[in-house]
Structures are given as C-alpha cells and as structure tokens.
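Worksheet: one structure, shown below.
A short reminder: the numbers here are calculations on the coordinates, not readings from a lab. It should be emphasised that the depicted structure is a prediction, and the values quoted were computed from it without experimental measurement. Cβ coordinates were reconstructed from backbone atoms using ideal geometry, including for glycine residues, and neighbour counts include every protein chain displayed.
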Amino acid sequence: MRVLKFGGTSVANAENIKKVVQILQQHSQSKIIVVISALGGVTDQLLKAASLAAAKDETYKTILTELEKRHLETAKALLPVTQQSSCLSKIKQQFNELEELCEGLFRLNELSRRTRDRIVSFGELLSSHILADYYTASNQSGEWLDSRQLIRTNSHFGNAIVDFAATNQLIREQVLQSTSPLFIAPGFVAGNKEGQTTTLGRGGSDYTAAIFAAALDAEALEIWTDVTGMMTADPRWVNSAKNIANISYQEAMELSHFGAKVIYPPTIQPVMAKQIPVWVKNTFAPDEYGTLIQNTPSVEGEIIRGISSMNNVALLSLEGSGMVGIPGFSKRLFEALAEEQINVILITQSSSEHAICVAINAVDVEKARHAVDLTFEAEIKSGKVDPLKVELDLSIIAVVGDQMKSHPGISGKMFGVLGRNGINVRAIAQGSSERNISAVISLSDVKKAVNVLHEAFFEFEYKQLNVCIIGVGNVGGKLIDQLAHQQKYLQQHLKLNIRLAGLANSRKMVVKEDGISIGNWKEELEQGEKMDISHFVNTIVSKNLPNTVFVDVTANADVAGIYDQLLAKSISVVACNKIACSSPYQYYQQLKSLSREYNALFLFETNVGAGLPVIGTLNDLMRSGDQINKIQAVLSGTLNFVFNNYDGTRSFSQVVRQAQAEGYTEPDPRLDLGGTDVMRKIMILAREAGEQLEMEDISNTYFLPASCFEGSVEDFYQEMEKQEPHFKALYDAAAAKGCKLKFVASYENGKAAVGLQHIPPASDFYHLYGKDNIVLFYTQRYPEQPLVVKGAGAGADVTASGVFADIIRAARV
Ligand code: ADP
Ligand code: ASP
Ligand code: MG
C-alpha cells in the first residue's frame, strides 16, 4: 500500500490532472490511496467568497460563478461527452449548496468558523470527485473515500486536532474491507463526532495523506507537488536553491515548521512514528529523484541541510523586575497563550530571567495581548511586570541540519553573514537538539537574509556581488569595460560573480535586481528612469540586495553627500570622487565610523595617485604600527604633464589645452593648476595618517596669477595666453639653476603645504616624466630612505583599475 498526495498545482487544470493519472498508472502494482488538494487557488477563492458574503458584498456571486465554470470546464475537458452528465450534475449540485450557504452568510452578515470550514471543504470535495470520475471513466476501478467520515477531529474549526485512535480504526475498517485497488480521497477535510465538517489547517492535504499512510502502515508516502523535492531554500526566492536528495524526518520537520511550505509541518509526525519513508516528487518531472525523507544518517560533509523562513511573525516580550527568581511566570504566560489556541513558534529567555520573549503568528497578536495582560493584571498594576510588548512586521529565518551539533562555528558564520549585510537580529533561538538555529529579523530583510545565508552555506561556487555605479563617463565607462572583460577570470579565480545591479549618470538611472546586461548597459541606461540621486539611493536601499557595493565615479558633491545613508545600510562605498574625503573633517570622520559600525567598507584608493597603491600602503604602515614622520609627494598628473611639456616653445595655455584634451585634467583645469586638487590629496593622506586637518589649514603658494581664477574655463585659457611672460619667467628662473619645476605637496609635524618648487637633478622628484606621480613616505621604519610609490597617477584606464581593485576589496572574498 502506498499513499500519494497531489497538491493544488498538480490538479490545477485538466491537462495537469491527466499527468496525475499517468503517474497513478505507473503505480498499478500496489494498492494505493490518492489524496488530493483543491484545484490550485480554489481554497483562497472560497475563503474570499465567504468573507465577502458575510460582509454583505454581492461580488461573492461572481467568484462562485467563475469557480463553477472552472470546475465544469475541467470536467468537460477530461470526460467523454457520454460520461459527463453525472459528474456535471454533481458539480452543479455542490455549487447550489455553496450558493445557499453563502446566501445565508449574506443574510446573517456573519461568518462562523464552522461555516467557513463547510464552505472551504468544497474545494477538495469537487476536485476529488472530478478525479475519481475521470479515473473510472478510463476503465480503471477506483473508489471515492469521504475523508470527513474517516478522519475524526475535535471541533476546533479551521485547525482541527485529530483523534488518532478513532481515525485509525475508521480508515482501516473502510479501506481494508474493500477490494478496490485504488481510493481517491479529498485532502484537508475531516469531521467531528457530531458529523460536522472540519479542516486540518491551510496546506493540510499533506497531513491527510500522512494520516492515511500511518493508519494503513503504508510502505511509503509520496507528496507530489510542483517542485522536485525539498530544496535548500524556497526556490521562489533563491534561484540557486538545490535539491535535497536525502533528509531526516527531524530536519524535514524543522524546515517545514519554519516555513518550507513544500510540506505542511504536522505531516511528518504520524509517518515518522511508523518509520514510513516519505518521497517528495514533482508531478511535472516525475522521473527526477526528488527527496527521500527517512531516518537517514546525514551525508558526511553536509552540515546544513536547508534554510527556511516564515513571515507575518510578531514578537511578544514579557518583561519586568518582578519576574526575577520567581517561578511560574513562564508557565502562566504559556498557559494564557495556549488557552487562546495561540501557537508559539519560538521562545527565548535571557538568563537574567528579566524577560521572556516569544514569537507568534501576527494574526494572533490582539488575542495574545488581551490574554496576557489579563493574566498578569495584578503584577502590571503593582509595577512588577510591564504590559505585554508587541513588535510587528517580523520574520523568522532558520538554518537547519542534524550535524550542526558536532560542528562549532555555524552560528558564528550565520550571524557574521547577517551582520555584514546589515541585517539586525531581534531574537535568537537554538533548540537544545541543536538541529536548528533561528533568528527573528525584520520582514523587509528576510529575502536578503535567506539569500546571503544560502550563499554562505550552499554556494561554494560563487559569491554574488551587486555593484551599483554612478558616473559612466571616461572612468566609469572604462570601469564597466574592465568588469566585463574580467568576469570570467573573477569567477574562475576568486569565485566571485559581479552583477551590475545599478547604473546612473546625470540624466538617467536604472536599478535591476536581476542585473543589467553588461554588454548592453548603454541601452538599458537610456531606457531607465530620470535620474534623481535620492531616488537612486532609495531604490538601491529598498531592493535590499545582498553584498552591495556603491561605486561613485563622479566628481559630484551631491553624490558624495549620500555616502552616509548607504553606509548606514551596510552598503559598501567605493569612491573615486574626492569630495567626501576632502569635505569638512567631521563628515569624513562620520563616514569612517559608519563604516565600522555597520560593517561596510568605505574605500577610496583612487583619491590619491589614481590606481597607485598610495592609500593602501599608508593604511598598511599605520595598521602594522609604523608612524608617519613626513610625506613628500608630487600628486598632480596634470601639473606634471604641464611642467614636463612646457619649455616656452609653445605657450603655457596651449600645453594646458593639450593636457585637457588628453583627459588629464578636471573639467575645470583650475582645480589642478590652482593646486586645489593637490591640497585635497595631501589632506586625505594626512587624515589617513591620523591628522585632523581642514582645507584651510593647508598653505598654498599659488603660481597662477589671481586674474586666471576669474570667469569661465574659456576666459581662463585666454587669460593664460595674456600671462605667458609670467609662466616663461617661472620656467627660466628654474632652468637657470639647472632645475625643473614641480608642484610639490608635503606633510610634516602636523602641517601640510603645496606649491611650485625648483627641483635639482639630485632630487627623487627630478626624473618624473609624463603624468607620473610619486609619494615618499618617511616613517619610523623608513627614516632616511623613504618608502616610494611611483607611477602613472592619472588617466582613465589606471583610475578605473584602481576603482576595480577597491570593488574586489569590498567583496571580501
Ligand atoms: P502543493 O500545492 O503541491 O501542496 P505548495 O505550494 O503547498 O504545493 O508547496 C510547494 C511550494 O513550496 C513550492 O512551489 C515552493 O515555492 C515552496 N517552497 C518553500 N520552501 C521550499 C523548499 N525548501 N523546498 C521546496 N519548495 C519550497
Ligand atoms: N487546499 C488547501 C489549501 O490550499 C489544502 C492543501 O492544498 O493542502 O490550504
Ligand atoms: Mg502544500
């Protein structure tokens, strides 16, 4: 004897029901019981019709008409015309009854739990009759069983408790006396002693099947559904969820208890007691293995079996100083909840006994509040206990596996991953069986939590990084090219999968959970929404994607001004934009502490020397206990280019124009030539060396005449042309001494300065060509001979690669 249960999707329409019958035909060698759900979605519709009728809303009639049509059409599509009449009249008769019941609700303006069960039971009654008629119509013998007569429950309508002694006897009497090779029974429905219809809870057809299996000592129970077995996470949320081939009863129970909808939680209990193996199979891929649930010893190496989650959870906290050391508080709390039939999902109590915290289904909150406050009325009045504290909009996530108990570090890993992704944990429970660790988190974080945990425990292949880039000009464009080019390498060597999740320029923005096609980003961006920086950030934050990195490749102050919001959401920030780090010290400091507090990285290597490892080197020196005595540097690729190329043969203005044309300058070259850019860079280095500096603390001996700072960029070029003798004189004065002109930045004894200097041939700075930068770190460990970082310090390619390196750092692979 085997028991097969088919869920709502498996019998959603005639085509699917035919698949079910094909599966049944393959089982013809043994006696079978088929338990079936209502056609997919029907239970919800019946509940809706009942509520509408009781609320005096006539649209319930439309729902019933549509449902009737759907059932009639399904029967017609399955049965030959000559054999339709009895089935169709049964369907019509059942809808007449339904209409009468709903009319009664409409008149009374009220819906009792008992009537609701009557109404909702029609879903399974209809589907099982259609299947039975179709099965017998194809010349196979089958018998319809009335589960309402066979499964005996108490009168807790909506979630009735089974009387197993009576039920087992009723089932055995009925089934064992019959010679029929196959029985078809409606799932979900049952009956009380008085013969009234009850139901076993939403999703309860699985349970019906388990009850039949246990009563009849079946050799196996098969749950046929729309996925290939139990999976490591809900496949609707985690694309890479994997099939679980073997799982123990306890693990399956834990996963389903905490939300793995594929099996209704009470299902396991009766079959486990009889050691009946359970298969979970896919109606739409019957040849696939599926999942076998039994008393298996766990497979070596698989510590965690799955991750599940449950929404609509509320957290109740009973707190008060009067609770400490006095026994009986928890007993009274749980009794109060039990009397109201409130199911407790999770319990925690701190060792101080100052508070007991329980998670329940949010629909029960008001009942719970009332019951608990009433129970503790006296203590609340005397101030020993506070009124019940209730928190809503929560979820529970659970990590499940039999082997957890013998492996340290699972909870460390779990909470580490949640923390790194900015997911706040409200309560934690670990069963003493150590088969599950569960945590209460905000509802808005649950999808992200399941994904990052799945990644940490099951995806050994890849870590998924979600990158959002703002600024797609010179550097941004190169960066995207580099990302595209390196994708394979990163997958192979770092096991890192980079997904372009967001993109924006000054006009347009696009954020896509599933990623923007890296080969088609320009078109996707063009088709995006109108750019608005707050909207861009809010969209990124609201998507709540795991492992997110925000990359700023603009020079925009508004963008720099929102890093704090991102870091506070645990989104790492990679900035090529120098404005944040060179803004008032207080903001720079705030970003650094947000980064620490929310475990998100704030990286800006390209703020100084483009892709050169300047800041990283300085950080490494500091972290390893070195101290910076002095920094001397040539930090402007632009100024180097200009002074390396200027000797009076072409005008200074022309050389600057060339630098701009070749992409070495800021859009307004005065930021470079006036020294502001270099001031920012030396300030950032000084700050990273531990100095609290502001821009006004840095001295700058300007070489540009004041008149050059007036007007537009074009005015500036013309003014330089007029000032050519001034520039020539600067050059000649240096050349006369055999020196070159370099714009040097220095930091020593808490002071920073920038300015044009005459560099003699013996200096480290003399042989500095093209757009090169150089930084000399004089430290306690490098007192006389400095640590030198030198190389190209400007250019889109090297800057993009520096940003790229920061992105990889932010991935923490
Ligand atoms: P049925 O109608 O067949 O009873 P359900 O909808 O009740 O089917 O359950 C199957 C669904 O459970 C799947 O479609 C899947 O989305 C969901 N599900 C949630 N968690 C898991 C999991 N861990 N493994 C497999 N499916 C899961
Ligand atoms: N039809 C019922 C429900 O949707 C029972 C089931 O399908 O298991 O909850
Ligand atoms: Mg189900």
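So the values come out like this:
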item	result
Farthest positive-ward along the chain dipole, Cα basis, beta-carbon charges - from Ala260, Thr539, Leu776	Ala260
Estimated [θ] at 222 nm from DSSP helical runs (n ≥ 4, -39500 (n - 2.57)) normalised by residues in the chain, nearest 500	-12500 deg cm²/dmol
Mean Cα-pair separation over length for segment 585-668, i.e. relative contact order, pairs under 8 Å, 6 or more apart, %	14
Segment 755-806 - charge dipole about Cα centre, Lys and Arg +1 at Cβ, Asp and Glu -1, debye rounded to 20	60
Radius 12 Å from Cβ of Leu601, net charge of other residues (Lys, Arg +1; Asp, Glu -1)	+3
Percent RCO, i.e. relative contact order, over segment 225-275, from Cα pairs under 8 Å lying at least 6 residues apart	28
Length gained when the stretch His758-Ser542 is fully extended (0.36 nm per residue, less Cα-Cα span)	72.3 nm
For Val510, Val399, order by how many other beta-carbon atoms lie within 10 Å, fewest first	Val510, Val399
Where chymotrypsin sites (Phe, Trp or Tyr not before Pro) fall in DSSP loop in segment 410-511, at most 10 other Cβ within 10 Å	Phe460
0 to 90° range, to nearest 10: angle between helix 205-215 axis and the chain longest Cα axis	50
Dipole magnitude of the chain about its Cα centre (Cβ charges: Lys, Arg +1; Asp, Glu -1), debye to nearest 20	940
Distance between segment 744-813 and segment 111-150 - C-alpha centres, whole angstrom	80
Estimated FRET transfer efficiency (Ser240, Ser51; beta-carbon r; R0 30 Å; 0.05)	0.20
Anchor Lys261: aspartates and glutamates whose Cα lies under 15 Å away (excluding residues fewer than 8 positions away in-chain)	Asp206, Asp226, Asp234, Glu251
Given charges at beta-carbon only (K, R positive; D, E negative), |dipole| of segment 306-444 in Debye	480
In segment 426-495, the GluC sites (Glu not before Pro) that fall in loop regions by DSSP, at most 11 other Cβ within 10 Å	Glu461
Low-density loop positions, trypsin sites (Lys or Arg not before Pro), segment 508-566 - DSSP coil, at most 14 other Cβ in 10 Å	none
Dipole-positive endmost among Leu346, Pro786, Leu170 within the chain (Cβ charges, Cα centre)	Leu170
Mean separation of Cα contacts under 8 Å, 6 or more apart, over the residue count of the chain: relative contact order %	8
Charge dipole (segment 367-453, unit charges on Cβ, about Cα centre) - positive-most of His370, Val399, Val385	Val399
Cα-based reach from Lys630 at 24 Å (exclusive), listing lysines while leaving out same-chain residues under 8 positions away	Lys578, Lys592, Lys681, Lys740, Lys742, Lys751, Lys771, Lys790
At R0 = 60 Å, FRET efficiency that the Cβ-Cβ distance of Gln83 and Arg114 yields, to 0.05	0.95
Footprinting exposure proxy for Ser572, Ser651 (fewest neighbouring C-beta atoms within 10 Å first)	Ser651, Ser572
Span from the segment 220-290 Cα centroid across to the segment 466-489 one, whole angstrom	42
Alpha-carbon centroids, segment 499-552 and segment 601-636: separation in whole Å	30
